[in-house]
Amino acid sequence: MSRFDPAGKPLPNFTEEQVTPVDLKVKLADQRLIVAWRDGRTSEYSLAKLRSACPCATCRTERENKPLLPILKSDPTGVKVTSAQMVGNYAIQFFWSDGHSTGIFDFRYLRSLDH
């Protein structure tokens, strides 16, 4: 089954071990996310970079320079994560200081962002 990132590009064919976290740490002071994956790899993400890759429809549209509504357009510079929560057993959701919280980072998408 093909899976796609928010831009519609196919995600790599990951094994379940590659996309199953065994430990997730959101470091609010450092604005970092650290994920230990079942396959033994550890990924570290800047939360600011994750915001710029937010998979929600509004952020995707803004990245494509097609704002849905001018009022929804925002500059995430200086915006910080204030909290996060798991979404089932397949994703993590961040809550940002500007009130944004609709981006849900599926673990397959998150792993694809680890270059």
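The values are calculated or read from the model by the stated rules, or taken from the named source; none is laboratory data. Here the structure is a predicted model, which means the values were calculated and not measured. Because the Cβ atoms are built from the backbone with ideal geometry, glycine has one as well, and the counts that use them run over all protein chains shown.
Only one entry of Arg60, Arg51, Arg41, Arg32 meets the criterion of being exposed (fewer than 15 other Cβ atoms within 10 Å of the Cβ) and either modelled with pLDDT of 95 or more or not aliphatic (A, V, I, L, M) (or both), and that entry is Arg41. When the residues of segment 10-67 are filtered to those that are touching a Lys or Arg at 6+ places or on another chain (Cβ under 7 Å) and in a helix (DSSP H, G or I), the one that is farthest from Thr102 (Cα to Cα) is Glu17.
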